[in-house]
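No lab work stands behind these numbers, since they all come straight from the coordinates. Values in this document were obtained by computation on a predicted structure and should not be read as measured data. Cβ: placed from backbone, ideal geometry, glycine included. Neighbour counts: every protein chain shown.
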Amino acid sequence: MKIDLLHEFYKFAHRRIPLYGILILLGLMLYTIGTSYKISPYLLTQGFGAGQWAIIIIIALSVDMISMEYRDHTMATLMYKTSNKSALYTAKFIVLVIYSILLLACGVLFSFIIKGILVGSRYYWLENYHGHSLINALLLNVGGTLIYLLFIVAFSLVLILLIKNNATVIMIGLAIGFLGADLSSLAMVAFPSLKAILAWNPLNMINIISQLSNNDMQKITYLTNSQLIIANLIYAALFFGIGLSIFKKRAI
């Protein structure tokens, strides 16, 4: 496992994609500001959209992490060097999770820099926002995004192993990121008698990136913070297990 992990880190670190991901995140955060009516406390707590954009970037990287090996015919070499497919798949998952942490940390750093340049002292990080200071709300939302990324990384790996088409998987990821929460809410409104069950659907999980700092979101998700966290972790474990099973059985 250690050798597989070091090998995956080495490959990932020596590609340009990780750097591009960070630069793209910065560009998309600036795009969010440009398309917003004004910079508000809400926008600050969301890190200028850093969490939402990080999700999209990680989906694309997760897809490429697997498809690249098959596309470049390097998967056979990897299988030859390791006798444990489980360790190889787990190593790829861990690398993606650690990069997710790095990406979100960059998002927080960029948020401080952008706020300092564009807003200055108009809003103080210690100002109250839904019972939290702005800085605590930002960190809570980043923490929620990280938990959701465990789920979305595992889910993306399953999709690329099943569908084997990068563009299709990324489109599905975009749909989940931009429409998932609305579709989940629509389903619970349409079937109110089933909302206690529908609240646990996968599309509802993305709301964790906002709910931890805003308890009013519970009126939309119908789940408490702890329930939403547990559900995301359960889905992450479930999809990780499914992806691992598919990976072990897939022909090279």
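With a ≥ b ≥ c taken as the square roots of the eigenvalues of the C-alpha gyration tensor of segment 139-196, please select rounded if a/c is under 1.5 and otherwise prolate if a/b is larger than b/c or oblate if it is not?
Working: a/c = 2.32, a/b = 1.34, b/c = 1.73.
Cα axes put segment 139-196 in the oblate bin.
Students often forget the sequence filter, so: which lysines lie under 22 Å Cα-Cα from residue 38 once same-chain residues fewer than 8 apart are removed?
115
Which ³J(HN,Hα) values, rounded to whole Hz and listed in residue order, are derived for segment 130-145 from phi using the Karplus coefficients 6.51, -1.76 and 1.60 in 6.51 cos²θ - 1.76 cosθ + 1.60 with θ = phi - 60°, glycine and proline given as x?
Per-residue couplings from phi come out as 6, x, 10, 6, 4, 5, 5, 4, 4, 5, 5, 5, 5, x, x, 5 Hz.
Taking only DSSP H segments of four or more residues, each worth -39500 (n - 2.57), what value at 222 nm results for the chain once the sum is divided by all its residues, to the nearest 500 deg cm²/dmol?
On the way: 12 runs with 190 residues, N = 252.
Roughly -25000 deg cm²/dmol at 222 nm, from the helical runs in the chain.
For the residue pair residue 40 and residue 233, what label-to-label distance in nm results when each label sits 7 Å from Cα along the Cα-to-beta-carbon direction?
Reported label-point gap for residue 40 and residue 233 is 3.3 nm.
Using modelled backbone amide H atoms (1.01 Å from N, in-plane), which distant-in-sequence or interchain residues come within less than 5 Å of residue 129's amide H?
The list, which skips near neighbours in sequence, is 134.
Go through segment 158-175 residue by residue and turn each phi into a ³J(HN,Hα) via Karplus (6.51, -1.76, 1.60, θ = phi - 60°); whole Hz please, and just put x for glycine and proline.
These are the phi-based 3J(HN,Hα) values: 5, 4, 5, 6, 7, 8, 6, 9, 4, 4, 5, 5, 5, 5, 5, x, 5, 4 Hz.
Could you give the length gained on full extension between residue 226 and residue 13, defined as 0.36 nm per residue of separation minus the Cα-Cα distance, in nm? Intermediate values should be presented prior to the final figure.
Working: separation 213, 0.36 × 213 = 76.68 nm, distance 3.46 nm.
The span from residue 226 to residue 13 would gain 73.2 nm if fully extended.
Can you work out the Karplus-derived ³J(HN,Hα) for every residue in segment 215-232? Use 6.51 cos²θ - 1.76 cosθ + 1.60 with θ = phi - 60°, whole Hz, and x for glycine or proline.
The phi angles translate into 5, 5, 5, 4, 6, 9, 8, 6, 10, 6, 4, 5, 5, 5, 5, 4, 4, 4 Hz.
For Cα pairs less than 8 Å apart in space and 6+ apart in sequence, what is the mean separation divided by the residue count of segment 2-249, i.e. the relative contact order in percent? Let's see the in-between values first.
Values: 272 pairs, mean separation 61.4, N = 248.
Averaging sequence separation for qualifying contacts and normalising by length gives 25 percent for segment 2-249.
So if I place +1 on the C-beta of Lys and Arg and -1 on the C-beta of Asp and Glu, and nothing else carries charge, what would the dipole magnitude of the chain be about its Cα centre? I want it in debye, nearest 20.
Numbers: 17 positive and 8 negative charges, 102 e Å.
So the dipole magnitude of the chain works out to roughly 500 debye.
If you take the square roots of the eigenvalues of the alpha-carbon gyration tensor of the chain and sort them as a ≥ b ≥ c, do you get rounded (a/c under 1.5), prolate (a/b over b/c) or oblate? List each step's numbers first, then the result.
Details: a/c = 2.19, a/b = 1.40, b/c = 1.57.
Here the chain falls in the oblate category.
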